[in-house]
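Quick note: the coordinates plus some simple rules give every number you see, no bench work behind them. Given the structure is predicted, the values throughout are model-derived calculations rather than measurements. Heads up, the Cβs are rebuilt from the backbone with ideal geometry, glycines too, and the neighbour counts pull from every protein chain shown.
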Amino acid sequence: MLRFNDKNEIVGEEYRAVIVGIRTGDDISRSMDELEGLAEADGIEVLGRVVQTLEKPNTATLIGKGKVRELSEMCAAMEADTVVFNEELSGVQMRNLEEALGTRIIDRTVLILDIFAGRATSVEGKLQVELAQLRYRLPRLTGFGKALSRLGGGIGTRGPGEKKLETDRRHISNRIDDIKEELKKAELSRRVQRSGREKSGLPVVALVGYTNSGKSAIMNSLLSMSEKDDKMVRSEDMLFATLDTKHRKITLEQGNEFILIDTVGFVSKLPHSLVEAFKSTLEEVRYADLLVHVVDSSYEDRDFQIEVTDRVVEELGAGNKDMIMAYNKMDLADERPLDVSGGEAVYISAKTGDGMDELLAAIKRAVFGKRRHARLMIPYDMGAITSHLCENAEIISMEYEPDGTVLEGNFEPDDFDKYERFVIDGKE
């Protein structure tokens, strides 16, 4: 595993690994490809892979005894110092495998947690990762202490792992309770911010999708289109570059504004402990008025990534939200993906800007399409209403008549119903 400095630049030692998976039914080639990508994202050089077909996993070593011997010989021949398993291992399995292979043993969950630990930048993000790590370790203390000690400063020990690894169960439980209390404060602050957004009446659009599909790049492109380059977020071609949910106001012409949210990317078999830790952050998706599902058009197995994202969105309770499919990275795609979502789809490249006007138009139709066109006469002694409508409606024209201000524009349904008594000409 590579170490990262404060600027997220790679420093330190690189590990050489063999990745291992078990197939009990369906083909796992996509999952193994993803595991290799995760390993490489954490600075691990993948030398080879092993897949064993089993009716059920071996309780002692996950894979069969014969496969353990074969793996041991493979590691020795390739001079691999690490073995990464695609399945989550118990403490006993990890200890037995380490003793049998004489190499560092980690599983998919540890790998993902380690990547998150290296990417987290905010206080809340770091706390969420630490909570997930401690929840993972707590049930593995029995028969796992020595293995933890031997991990030293390597993979899976970044963050809380840099503390005393022989911490007893009570100490870890107390730390978990402390983190939960700190996260509750952060969640309360988020609720206050969400309440403020709801009072403002601004619609919320959330970008969701597989990790590294280009959500942050899309946010930056939309910010640039609304002349807010100073509000851009970090965007890099790497897995989980964004962990902390980002909120930005997108300002368009004639009073059209909405809040754009960039969320953490999804991945298959996302560790339960991580989902629980980031639940309060991910729940922002539930409060969005519109979801933009970002897809990497250049990825051959994009249908698999779409399925994973849809499943996570469903689990978050946002499966019934209006959604736009945004097929990104068309500049790298060999062909135009076939959309079978049944909803609206756009084909874009956040990098080149192609199709971004179409995406913005689709968002406007979805979030502002229900506005009512009308002309309202607001008495001069009710200037607060005029100010509110100017800030929250799409005002086309404003005239000053003897009895008041005449506003022509497109008004939100709630505002239209509330001020319908001032309508002098309203279109259905």
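Listing for the model above:
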item: Distance between modelled label sites at Leu338 and Ser173, nm, 7 Å Cα→Cβ extension; result: 5.6
item: Positive-end extreme of charge dipole, region 320-394 - chosen from Ala345, Phe368, Ile378 (charges on Cβ); result: Ile378
item: Net lengthening on full extension, Thr59/Thr251 (0.36 nm per residue, minus Cα-Cα); result: 63.5 nm
item: Gain upon complete extension [Leu138, Asp322; 0.36 nm per residue less C-alpha separation]; result: 62.3 nm
item: Flagged links, alpha-carbon separation over 24 Å, of Lys249/Lys364; Lys185/Lys269; Lys246/Lys364; Lys215/Lys364; result: Lys185/Lys269
item: Computed lengthening from Ser224 to Glu182, 0.36 nm per intervening residue step minus Cα-Cα distance; result: 11.6 nm
item: DSSP-assigned coil residues among GluC sites (Glu not before Pro) in region 322-366, each with at most 13 further Cβ atoms within 10 Å; result: Glu335
